[in-house]
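For reference, the structure is listed below as structure tokens.
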Ligand code: FPP
């Protein structure tokens, strides 16, 4: 691995989003442009994640949600699916202690039932171990789909006997996988694609989007800083004429 260059101080950011969500796109193209297999791109993307987590802590972002494996990704070739599962397991095995020591709280959104039992246990243990940490919530979307999340919420609302007149936005939010997590202020998508791809479709109603052509493995601290500066310039009005809130 290349030695990391010394961290240069950056001008403070005026308005820091509390919650950033990222569609980490472009690993495959990053690998292809180097004549490498797709999994090498995912591994490079995983290394980059470490850097971005650190940068989020540095910039005082409180929640980082990453789209790491979608409900649709099961349709990829089996060696890629298995490779991604191994990467997740490896990250938990190798990085959990350090993340825990740095005060990172892990959350999982999506369904765990299709994962192999060993990996499922590791995810649950990581969530349990880190549940009292408060530096950064790292929310991993794994086997996650926005439509699947809404179906799951409807099933649970019905199972709990909720009456039609009791349904409110707040109640529905509390039935989402993201319960307790504020909606994302900023969603970043790397590699220039302009699609939602079934990501946080309920929660992103008023999120700001930032699309960059940079491929995910190259999306470094400076790129994150640029995204945060762009967010700082946005005028969030939530459908009104003024934002009604000094901070947003
Ligand atoms: C999209 O790029 C990326 C993915 C589907 C996987 C992202 C997963 C990781 C970075 C693994 C690390 C995550 C954790 C939590 C350990 P793509 O493959 O669709 O890229 P392409 O559009 O260039 O082909």
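Kindly indicate whether any position in segment 103-120 is at pLDDT 95 or above, in a helix (DSSP H, G or I) and within 21 Å of residue 21 (Cα to Cα).
no
Before we move on, is residue 91 closer than 26 Å to residue 152 by Cβ and part of a helix (DSSP H, G or I)? Break it down stepwise before answering.
Numbers: closer than 26 Å to residue 152 by Cβ: yes; part of a helix (DSSP H, G or I): yes.
The answer is yes for residue 91.
If I ask for residues that are crowded, with 16+ Cβ neighbours inside 10 Å and near the ligand (Cβ under 10 Å from one of its atoms), which ones from segment 39-52 would you list?
Here is the first cut: in segment 39-52, the ones crowded, with 16+ Cβ neighbours inside 10 Å are 39-46, 48-49, 52.
39, 41, 42, 43, 44, 45, 46, 48, 49, listed by residue number.
Can you tell me which residue is nearest to the chain's Cα centre (by Cα) among those in segment 4-31 that are over 18 Å from residue 230 (Cβ atoms) and more than 7 Å from the ligand (Cβ to nearest atom)?
31
Have a look at 154, 162, 158, 150 and point out the one that is farther than 24 Å from residue 55 by Cα, more than 16 Å from the ligand (Cβ to nearest atom) and in contact with a helix residue (DSSP H, G or I) (Cβ under 8 Å, 6 or more places away or on another chain). Show your work before the answer.
On the way: 154 fails: in contact with a helix residue (DSSP H, G or I) (Cβ under 8 Å, 6 or more places away or on another chain); 158 fails: in contact with a helix residue (DSSP H, G or I) (Cβ under 8 Å, 6 or more places away or on another chain); 150 fails: in contact with a helix residue (DSSP H, G or I) (Cβ under 8 Å, 6 or more places away or on another chain).
Every option except 162 fails the conditions.
Take residue 125 and tell me if it is farther than 13 Å from residue 144 by Cα and assigned to a loop (DSSP other than H, G, I, E, B). Steps first, please.
Details: farther than 13 Å from residue 144 by Cα: yes; assigned to a loop (DSSP other than H, G, I, E, B): no.
Here the answer is no, as residue 125 does not meet what is asked.
Output the residues belonging to segment 86-107 that are more than 13 Å from residue 138 (Cβ to Cβ) and surrounded by 15 or more Cβ atoms within 10 Å (Cβ to Cβ).
Across segment 86-107, the qualifying residues are 87, 89.
Could you please tell me which pairs satisfy a Cβ distance under 8 Å, a separation of 6+ or placement on different chains, a first residue in segment 34-58 that is within 16 Å of residue 83 (Cβ to Cβ) and touching a residue at least 40 places away in the same chain (Cβ under 8 Å), and a second residue that is more than 12 Å from the ligand (Cβ to nearest atom) and outside any helix (DSSP H, G or I)?
Going by the 8 Å Cβ cut-off, the qualifying pairs are 47/1.
Just to be sure, is residue 21 in a helix (DSSP H, G or I) and within 24 Å of residue 222 (Cα to Cα)?
Numbers: in a helix (DSSP H, G or I): no; within 24 Å of residue 222 (Cα to Cα): yes.
The answer is no for residue 21.
So which residues in segment 61-91 are near the ligand (Cβ under 8 Å from one of its atoms) and either within 17 Å of the chain's Cα centre (by Cα) or closer than 16 Å to residue 112 by Cβ (or both)?
Across segment 61-91, the qualifying residues are 66, 67, 68, 69, 70, 73, 84, 87, 88, 91.
What is the number of the single condition among (1) buried (at least 17 other Cβ atoms within 10 Å of the Cβ); (2) over 20 Å from the mean Cα position of the chain (by Cα); (3) farther than 29 Å from residue 230 by Cβ that residue 36 does not meet?
All conditions pass for residue 36, except number (1).
I need every pair where a residue in segment 83-100 that is free of Cβ contacts under 8 Å to residues at least 60 places away in the same chain has its Cβ under 6 Å from the Cβ of a residue that is outside any helix (DSSP H, G or I) and more than 9 Å from the ligand (Cβ to nearest atom), sequence separation at least 6 or different chains.
Matching pairs, first to second residue: 100/130.
Hey, does segment 56-70 have a residue that's modelled with pLDDT of 95 or more and more than 25 Å from residue 105 (Cα to Cα)?
Within segment 56-70 (the criterion being modelled with pLDDT of 95 or more and more than 25 Å from residue 105 (Cα to Cα)), the answer is no, since none of the residues qualifies.
The values are calculated or read from the model by the stated rules, or taken from the named source; none is laboratory data. As the structure is a computational prediction, the values presented were derived from the model and not from experiment. Note: ideal-geometry Cβ built from the backbone for every residue, glycine included; neighbour counts use all protein chains shown.
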